[in-house]
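Just so it is clear, none of the values below were taken in a lab; they were calculated from the coordinates. Keep in mind that what you see is a predicted model, and the values were worked out from it rather than measured. Positions of Cβ are backbone-derived with ideal geometry, glycine not excepted, and every protein chain shown enters the neighbour counts.
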């Protein structure tokens, strides 16, 4: 029986062991590479989705999304959108009605993606809504992962240059971990619900952060 909390204490996250994606990572820079990756992804039942954008430190300026991460449980594809845009195959992946696409704050992600190309997403699971069915009130990926798995997702690479000529290993792992974590959270919660294998603990107001 797993204990879930309606609110996870943020102060406890720093002491948790760090988790990183340990599967295969493929970096895609051309439309042809994207087409091949999408053919594989369309054979999967559930995919985790996330995006990264080069931070802007200039008031009023917002950069276009640079990277799209799409992950299975063991393989993550990093689509370098700053080089290829939203290709027809990427649009087809999101429009496919058989593959479930899971993510966090997807409304914002899709708004950013549409600045790169046309998109009509289907079969979408927004984790911020899905976790509410379990009584979980947290909305951030870091808190959700800590709550469900007792591990910490580092956010250290978030404000790095996602349009760099070469993505560092740290950037690749950060990007892949975020997309993969969405798949893990979704599948774990489904399993817990199916097996009635969790209990919800309500945290005292003084411990909610």
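When you check residue 114 against the structure, is it surrounded by fewer than 17 Cβ atoms within 10 Å (Cβ to Cβ) and touching a strand residue (DSSP E or B) at 6+ places or on another chain (Cβ under 6 Å), yes or no? So residue 114 fails the test. Test of understanding: among 163, 137, which residue is touching a strand residue (DSSP E or B) at 6+ places or on another chain (Cβ under 7 Å) and assigned to a loop (DSSP other than H, G, I, E, B)? Going through 163, 137 in turn, the sole match is 163. Scanning region 145-175 for residues that are closer than 18 Å to residue 17 by Cβ and under 12 Å from the mean Cα position of the chain (by Cα) yields a count of 3. Need the failing condition index for residue 157 against (1) touching a helix residue (DSSP H, G or I) at 6+ places or on another chain (Cβ under 6 Å); (2) farther than 23 Å from residue 42 by Cβ; (3) surrounded by fewer than 17 Cβ atoms within 10 Å (Cβ to Cβ), just the number. Among (1) touching a helix residue (DSSP H, G or I) at 6+ places or on another chain (Cβ under 6 Å); (2) farther than 23 Å from residue 42 by Cβ; (3) surrounded by fewer than 17 Cβ atoms within 10 Å (Cβ to Cβ), the lone unmet condition for residue 157 is (3).
The condition of being in contact with a helix residue (DSSP H, G or I) (Cβ under 6 Å, 6 or more places away or on another chain) and assigned to a helix (DSSP H, G or I) holds for residue 145. Using the structure shown, decide if residue 26 is surrounded by fewer than 17 Cβ atoms within 10 Å (Cβ to Cβ), on the phi < 0 side of the Ramachandran plot, touching a residue at least 12 places away in the same chain (Cβ under 8 Å) and not in a helix (DSSP H, G or I). Taking the combined requirement at face value, the residue satisfies it.
Only one of the numbered conditions (1) touching a helix residue (DSSP H, G or I) at 6+ places or on another chain (Cβ under 8 Å); (2) under 26 Å from residue 148 (Cβ atoms) is not met by residue 132, and that is (1). The number of residues in region 83-100 being surrounded by 15 or more Cβ atoms within 10 Å (Cβ to Cβ) and farther than 19 Å from residue 36 by Cβ comes to 1.
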